[in-house]
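Structure first, then comments.
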Amino acid sequence: MDETAGIPLSRKLITTIVKKSTEFTEAIAHVLKEEKITIQQFNVLRILRGRKGDPANLQDVSKDMLHSNSNTTRVVDKLVVKEYAQRVQCSNDRRQIEITITETGLKLLSRLDLKVDERESELVKNLSNSEVQVLIEYLKKI
């Protein structure tokens, strides 16, 4: 218990993590807004790029999403309309739809990579690399 405020330390920790998470999310969303995409759309594009040309189905994408409550179908639909991703009917199972990133989507990510990396670095600039690593390890323990 925090003696000065009468607040349990666990509550103070969780509140701080939630507040920082919101701050980080908003900072990254601001960078992505310049390209008119959301964090969820950015996340799906990075998942698709990480597959190195192998198509994904909606379940594959959903399980790798950072925001598990995202409506993956809706997010993918918007990426298809923007021509950053494409849907293709699976040749082995016509009921299955496969999703891949397009060349336009890859170009968008290459434009955004540096900007997002810079913003993320700014957000943790007050920590050394070893402090960042320790913090990651601590958060994994929770």
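What follows draws every value from the coordinates through simple rules; no lab data is involved. This one's a predicted model, so the numbers in the text were calculated from it and none came from an experiment. Note that each Cβ is placed from the backbone with ideal geometry, even for glycine, and that neighbours are counted across all protein chains shown.
Quick look at the values:
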| item | result |
| --- | --- |
| Given (1) under 26 Å from Ile14 (Cα atoms); (2) in a strand (DSSP E or B), number of the condition Thr100 does not satisfy | (1) |
| Among residues of the range 96-112, those that are of a type in the set (S, T, N, Q) and surrounded by fewer than 12 Cβ atoms within 10 Å (Cβ to Cβ), counted | 1 |
| In the range 22-45, residue farthest from Asp60 (Cα to Cα) [restricted to those that are β-branched (Val, Ile, Thr) and in contact with a Leu (Cβ under 8 Å, 6 or more places away or on another chain)] | Val31 |
| Filter result (in a helix (DSSP H, G or I), surrounded by 11 or more Cβ atoms within 10 Å (Cβ to Cβ), among the aliphatic types (A, V, I, L, M) and without any contact (Cβ under 8 Å) to a residue 60 or more places away in the chain) within the range 18-57 | Ala29, Ile39, Val44, Ile47, Leu48 |
| Sole residue being under 23 Å from Gln40 (Cβ atoms) and assigned to a helix (DSSP H, G or I), chosen from Glu131, Glu120 | Glu120 |
| When residues of the range 58-95 are limited to those that are more than 24 Å from Lys115 (Cβ to Cβ) and of a type in the set (Lys, Arg), the one surrounded by the most Cβ atoms within 10 Å (Cβ to Cβ) | Arg87 |
| Meets criteria (of a type in the set (Val, Ile, Thr), outside any loop (DSSP other than H, G, I, E, B), within 14 Å of Leu48 (Cβ to Cβ) and within 17 Å of the chain's Cα centre (by Cα)) for Val88 | no |
